[in-house]
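The values are calculated or read from the model by the stated rules, or taken from the named source; none is laboratory data. Every value quoted in this text rests on a predicted model; they were computed, and no experiment measured them. As a convention, Cβ positions derive from the backbone with ideal geometry for all residues, glycine included, and neighbour counts pool all protein chains shown. The protein model used for the area step is the full one, side chains on, heavy atoms only, and it has no ligands, DNA or RNA in it. Shrake-Rupley method; radii C 1.70, N 1.55, O 1.52, S 1.80 Å.
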Amino acid sequence: PVMVYSELCNLNALSKQDRINKGECEYDKGGYFIIKGKERALIGQIRNIYNQVMVIQQKESEKYKYISEIRSMSEETGHSTLIQLKISNDDRKIEFTIPYINKQIPAGIILKALGYTTDKEIKQLINLDSEITEPYINYIIRDSFFIQTKDDALEYIGKFSIHMIKESKQKDYARQVVYTEMFPHLGITST
């Protein structure tokens, strides 16, 4: 197939008036193919970049000011998940959306589920010491004050599974989600 009006197309060398005289539409811009007598166009698709964090500023009318997301994809298995971190318009809520959990989880609880259980550890992990970031760090710590240990965090997350799971299995389910489903491109496995 040859793209209409490309260099290889017979119509390309003709003037606009010659094309009209041969029955072509005067408004036809070309750029498509004719395959078996039918017009076919190539349509590009925009795909998110895998394993790269993207921050998207939302419209003022939206619930969130910023949504940061990463499409994490394992090179070994091809398994991918979408993780989002959302900052509310009033800057007071910072929450994760993670796979297989039907509720947004405060960022501090996710950090505690990953093993950063003290305020000092969370501050060291974020490692941004400025007047701008201090309120955000304080909100992260505030929203997880009722969670003291890694197990507490996993129990909290497990309560919001999209699957019906016995209460005794919820913590193990949450551990599997946090350690294997959140960032498959890192190759992290449950410990």
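Look through ILE110, ILE126 and report the one residue that is open to solvent by 40 Å² or more (accessible area, probe 1.4 Å) and within 27 Å of GLN58 (Cα to Cα).
Only one candidate qualifies: ILE126.
Has segment 81-100 got any residue that is closer than 13 Å to LEU154 by Cα, not aliphatic (A, V, I, L, M) and not in a strand (DSSP E or B)? No, the conditions are met nowhere in segment 81-100. In summary, strands (runs of 3 or more DSSP E) completely within segment 5-67 and bearing 1 or more residues that are open to solvent by less than 70 Å² (accessible area, probe 1.4 Å) occur at 33-35, 54-57. Looking only at segment 131-183, residues that are in contact (Cβ under 8 Å) with a residue 60 or more places away in the chain and outside any helix (DSSP H, G or I) come to 5 in all.
Checking each residue in segment 17-36 for being within 47 Å of the chain's Cα centre (by Cα) and free of Cβ contacts under 8 Å to residues at least 12 places away in the same chain picks out CYS25, GLU26, TYR27, LYS36.
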